[in-house]
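Structure record follows, encoded as structure tokens.
FYI, it's all coordinate maths here, none of it is from the lab. None of these values were measured; they are calculated from a predicted model. Glycine also receives a Cβ, built like all others from the backbone with ideal geometry; neighbour counts cover every protein chain displayed.
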């Protein structure tokens, strides 16, 4: 008789533990429900059925969701070629190292590409290297 009651308590505790973990309970609370059920089946099993079976809502991380704010930050910033600091795209000079991000023509003031040797707008030789 004693063996049957221990077996029933163990099976009930196993079911309570698996059910609690499946409903989102953390490991500690699931173990407490299971140990309580194994120790006092008549008290803990009805309590678990009334109170403990409520699903615990945990925020889930969905890999398919795109963080718009984070992607905007990446789009609006560039990496400084000298110090690799993240700077806003509209910056002309890196605030961290002072590197000229967008060189301008000394003659006409138009923005130049760093690789250009001559300003395509006014044909002035550039100072960039």
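Mean separation of Cα pairs under 8 Å and 6 or more residues apart, divided by the residue count, gives region 2-52 a relative contact order of 39 percent. Calculated FRET efficiency, residue 124 to residue 82, Cβ-Cβ distance, R0 = 30 Å: about 0.75 to the nearest 0.05.
Summary value for region 75-129: 20 percent relative contact order, contacts being C-alpha pairs under 8 angstrom separated by 6+ residues.
Between residue 11 and residue 27, the modelled label-to-label distance comes to 2.8 nm, taking each label 7 Å out from Cα in the direction of the beta carbon. Taking label positions 7 Å along the Cα-Cβ direction at both residue 18 and residue 1, the computed distance is 3.0 nm, reported to one decimal.
The Cα center of region 1-30 and the Cα center of region 98-129 differ in position by 75 Å. Spacing of the modelled spin labels on residue 117 and residue 55, each 7 Å from Cα toward Cβ, amounts to 6.9 nm.
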